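The values are calculated or read from the model by the stated rules, or taken from the named source; none is laboratory data. Owing to the predicted nature of the structure, the values given are computational and were not obtained by experimental measurement. Cβ atoms come from the backbone with ideal geometry, glycine included; neighbour counts cover every protein chain shown.
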Amino acid sequence: MATVIDRTLRRMAKVRRNVRRAAGERARLSVFRSSKHIYAQVIDDAKGQTLASASSLEKDMRDSLKTGANVEAAKAVGKRLAERASAKGVKQVVFDRGGYLYHGRIKALTDAARAAGLNKNEVVAEPEAAEEPAAEVAAEPTEKKKSKKKKQE
C-alpha cells in the first residue's frame, strides 16, 4: 500500500516531467506554500536565474494582509508576481506546483497571475452574474409547492 509520502513523490515526479518538456520554451513559475506563507518565483532554467519573485512575507504585503496563509494572500502574491515578470518581459510560463494539489491557495495564485497577464491564452472566463438565475430559481419552488398542495386535496 502506498503511503502519503510515496503518493506525493509520484505526483512531484509527474509534475517535473511535464515541466521539463516545456522548459526550453518558457520560464518556470515555481510555488512553495508553508502553513503560514506562500512564495512564488519565475525561474529561467536555461540560465539558472530567478527572474521575478513574490511572497506573502514582503513588508507591504504583511501590513495589508492579516495572514499569509489564505486565498486572499495567494491572489495578492500571484498578481504581484505577474506584474514583476511582465516588467522583465516574461509573458509565458510553465507552472510548477511542486507536488501540491491544484486547489485552494495554489489555484488562487495561478488564477491571479493569469488575470494579471501571465499566460493570457489560459485565462479562465469568469462566471456571469448569478443574481438573475437565482431569482428565477427562488420563484419556481413556491409555484411547485402550491401545485402539490392542490393535487393532494
- Task: Confirm whether T8 is of a type in the set (S, T, N, Q), closer than 22 Å to A116 by Cβ and over 18 Å from the mean Cα position of the chain (by Cα).
- Result: no
- Message: Out of R16, R21, I need the residue that is at pLDDT below 95, over 16 Å from the mean Cα position of the chain (by Cα), part of a helix (DSSP H, G or I) and surrounded by 11 or more Cβ atoms within 10 Å (Cβ to Cβ). Which one?
- Response: R16
- Item | Verdict on Y100 being of a type in the set (F, W, Y), in a loop (DSSP other than H, G, I, E, B) and under 13 Å from the mean Cα position of the chain (by Cα) | yes
- Could you say whether any residue in the stretch 115-131 is modelled with pLDDT of 90 or more and under 16 Å from the mean Cα position of the chain (by Cα)? yes
- Quick check: anything in the stretch 84-93 buried (at least 17 other Cβ atoms within 10 Å of the Cβ) and in contact with a helix residue (DSSP H, G or I) (Cβ under 6 Å, 6 or more places away or on another chain)? no
- Does the stretch 27-46 contain any residue that is crowded, with 19+ Cβ neighbours inside 10 Å, at pLDDT below 95 and over 21 Å from M12 (Cα atoms)? no
- Identify the residue in the stretch 63-97 that is touching a His at 6+ places or on another chain (Cβ under 9 Å) and in a loop (DSSP other than H, G, I, E, B) and, among all such residues, is farthest from E25 (Cα to Cα). T67
- Message: Taking the criterion of being modelled with pLDDT under 90, surrounded by 18 or more Cβ atoms within 10 Å (Cβ to Cβ) and more than 27 Å from A13 (Cβ to Cβ), would at least one residue in the stretch 67-76 satisfy it?
- Response: yes
- Hits in the stretch 45-62 - residues which are touching a helix residue (DSSP H, G or I) at 6+ places or on another chain (Cβ under 7 Å) and assigned to a helix (DSSP H, G or I): M61
